[in-house]
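Below is one structure, written out as structure tokens; comments come after it.
The values are calculated or read from the model by the stated rules, or taken from the named source; none is laboratory data. All of these numbers come straight from a predicted model, not from anything done at the bench. Ideal geometry is used to build each Cβ from the backbone, glycine not excepted, and the neighbour counts take in all protein chains shown. Remember, those area values only see protein heavy atoms, side chains included, never the ligands or the DNA or RNA. Shrake-Rupley method; radii C 1.70, N 1.55, O 1.52, S 1.80 Å.
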Amino acid sequence: MRVLLAGGAGFLGSHLAEALVANGDKVVIIDNLSSGLLSNLNAIEEKIEFMKGDITKELNVKGSIDLIVNMASRAARKEWETYPVEIALANSVGTDNLARLAISKKARLIYASTSELYANPEVVPTPETYIARLDHISSRAPYDESKKFGETLIKAYEAQYGLRNIIIRLFNAYGPRMRGGDMYGRVIDRFMKQALAEEPLTVYGTGKQTRSFTYVSDTIAGIMLLIKSGKNGEIYNLGSSVETSVIDLAKLVIEATGSKSKIEYGPLPPGDPQRRGADSSKISALGWTPKVPIKQGLRQMLKFYK
Ligand SMILES: NC(=O)c1ccc[n+]([C@@H]2O[C@H](COP(=O)([O-])OP(=O)(O)OC[C@H]3O[C@@H](n4cnc5c(N)ncnc54)[C@H](O)[C@@H]3O)[C@@H](O)[C@H]2O)c1
């Protein structure tokens, strides 16, 4: 296949690009390098085409395309607050542009959506059929509402123009190349760096809130499986059904790093979900099982940091 991968210089996109190249696919990446890094593609730079570009602008992609994967959106909490307009437009206007392109190229479109659509779910593990109430004017809204609208738009293109598509709701993926620092860092990155620097690990709220941490190789195996065997028009959760509380995560990071760091508590950000756990039975029925337990994933992350 010739695959157009939007957001391919990012954390997940670069791992997916490597998997596609290893599978013998031709990969064309479009990325505006807002949160991604060209160096993420070092291992495959000779084997891919890279276009610096923004999916919210006019797209000029030459040649045939069999599959478009849309992963182009900033995804870290601080980015939602700092770049809300870019994020809202990436998932709405950007998804619109890619859907139009998919129709004109007769390609299939795969969309990286998010478990943020489940907000604060009453049902955990949460199935794809769960409908949550989102606050459309909260600070999280530019991300979660635009992802939701991206899904709506894809369904509209499917109904009106027969767009072949798969929507994947990703849960917290982690692993090497997850970008760190104040702007891009997510909880595992923050804890790892704090532990390695022997600084206190900052837990927000009580730390009892849970997340569905999924190691990147499991996430990518799931996306590759859906590309091969996923059914068009379907939505799939992709995440571990094991819930890990943030406080347990902090303890596991301290254990994995052998750090003497203590745990400190800070205020819980508004709208922070209490529980996240994927009901992944739909993708499991296709043969997906996560293979990397959190302890092992953290050890692999540690090698990356070192
Ligand atoms: N990592 C996760 O746990 C997770 C969970 C749920 C959903 N997702 C979704 O998966 C996708 C990839 O996430 P990630 O963790 O790799 O994030 P990332 O920030 O590492 O990657 C996003 C990539 O998209 C690019 N990008 C952003 N806006 C763009 C635009 N307008 N035009 C072109 N390129 C643009 C960035 O430069 C970056 O390379 C995102 O859509 C994200 O919302 C990720």
Legend entry - 5 Å-binned pair-distance histogram of segment 175-306 (Cα, whole percent): 2, 10, 18, 21, 19, 14, 9, 5, 2, 0
Inset, instruction - Skip the ligands, DNA and RNA, and give the accessible area per residue of segment 1-130 with a 1.4 Å probe, whole Å². - result: 42
Inset, instruction - Among 56, 11, 246, pick out the residue whose Cα is farthest towards the positive end of the charge dipole of the chain, where Lys and Arg carry +1 and Asp and Glu carry -1 on C-beta, about the Cα centre. - result: 11
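Quick check: at a probe of 1.4 Å, how many percent of the accessible area of segment 76-227 sits on carbon and sulfur atoms?
The nonpolar share, carbon plus sulfur, comes to 56 percent.
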Inset, instruction - With just the Cα atoms of the chain, tell me how far they stretch along each of the three principal axes, in Å, largest first. - result: 56, 43, 38
Inset, instruction - Pick out, from 202, 167, 94, the residue whose Cα sits farthest towards the positive end of the charge dipole of the chain, with +1 on the Cβ of Lys and Arg and -1 on the Cβ of Asp and Glu. - result: 167
Legend entry - Relative contact order computed over segment 158-306 (Cα-Cα under 8 Å; 6+ residues apart), in percent: 35
Inset, instruction - Pull up the DSSP beta bridges for the chain and report the antiparallel fraction as a percent, rounded to 5. - result: 5
Legend entry - Charge dipole magnitude, Cβ of K and R +1, D and E -1 - segment 1-50, Cα centre, debye nearest 20: 100
Inset, instruction - With +1 on each Lys and Arg Cβ and -1 on each Asp and Glu Cβ, and nothing else charged, work out how big the dipole of the chain is about its Cα centre, in Debye to the nearest 20. - result: 520
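Taking 32 Å as the cut-off for C-alpha to C-alpha distance, list the pairs among 62/306; 228/306; 26/282; 148/291; 147/260 that go past it.
From the list (62/306; 228/306; 26/282; 148/291; 147/260), the Cα-Cα distance tops 32 Å for 62/306; 228/306; 147/260.
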Inset, instruction - Order the peptides 191-197, 11-17 from the highest to the lowest mean number of other Cβ atoms within 10 Å of their residues. - result: 11-17, 191-197
Inset, instruction - For residue 69, enumerate residues with amide H under 5 Å from its amide H, sequence gap 5+ or separate chain, H modeled in the peptide plane. - result: 4, 5, 6, 110
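Packing-wise, with mean Cβ within 10 Å as the measure, how do 241-253, 264-276 rank, highest first?
Order by mean packing, descending: 241-253, 264-276.
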Legend entry - Amide H contacts under 5 Å for residue 50, placed H, 5+ residues apart: 29
Inset, instruction - Please give the FRET efficiency for residue 263 paired with residue 104, using the beta carbon to beta carbon distance and R0 = 45 Å, rounded to the nearest 0.05. - result: 0.25
